[in-house]
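Read-outs throughout are calculated quantities, based only on the coordinates presented, and are distinct from any laboratory measurement. Being a predicted model, the structure only gives us computed values, none of them experimental. Neighbour counts are summed over all protein chains in view; Cβ atoms, including those assigned to glycine, are modelled from backbone coordinates with ideal geometry.
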């Protein structure tokens with residue numbers, strides 16, 4: 001049996017079931033596994049991005065946070081490396097937020 005419901009609608013359906021007292025070991029185990037897999041994937045992404053950031057930090061002798069502040073203040077110029085670095089830094093921050101949310105769920 002498959003459903004064409006969107007993910008948010010499916011989650012809403014599960015939430016409604018649980019609010020009405022329904023419990024399912026299968027659902028709980030499945031959701032826990034999904035969250036743990038997503039958390040593992042996010043950690044892998046964070047490691048990959050951290051390695052990219054480290055390369056720029058070594059090359060430019062500046063940590064990424066300092067770079068971000070200077071770049072956003074407009075004091076560094078517009079080298080292509082800087083746009084790549086800023087992208088990696090913002091992606092890394094996004095992954096950190098995802099890890100924080102997923103970590104509180106598990």
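Matching residues to (1) part of a loop (DSSP other than H, G, I, E, B); (2) at negative phi; (3) surrounded by 12 or more Cβ atoms within 10 Å (Cβ to Cβ); (4) touching a strand residue (DSSP E or B) at 6+ places or on another chain (Cβ under 8 Å):
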{"position": "4", "(1), (2), (3), (4)": "yes, yes, no, no"}
{"position": "8", "(1), (2), (3), (4)": "no, yes, no, no"}
{"position": "38", "(1), (2), (3), (4)": "no, yes, yes, no"}
{"position": "53", "(1), (2), (3), (4)": "no, yes, yes, no"}
{"position": "56", "(1), (2), (3), (4)": "no, yes, yes, no"}
{"position": "59", "(1), (2), (3), (4)": "no, yes, no, no"}
{"position": "62", "(1), (2), (3), (4)": "yes, yes, yes, no"}
{"position": "67", "(1), (2), (3), (4)": "no, yes, yes, no"}
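Cβ-Cβ contacts under 6 Å between residues 6 or more apart (or on different chains), taken from a first residue in the stretch 7-33 that is more than 17 Å from residue 105 (Cα to Cα) to a second residue that is part of a helix (DSSP H, G or I), are absent.
For beta carbons closer than 6 Å, sequence separation of 6+ or different chains, a first residue in the stretch 78-103 that is without any contact (Cβ under 8 Å) to a residue 24 or more places away in the chain and a second that is in a helix (DSSP H, G or I), the qualifying pairs are 82/71; 86/71.
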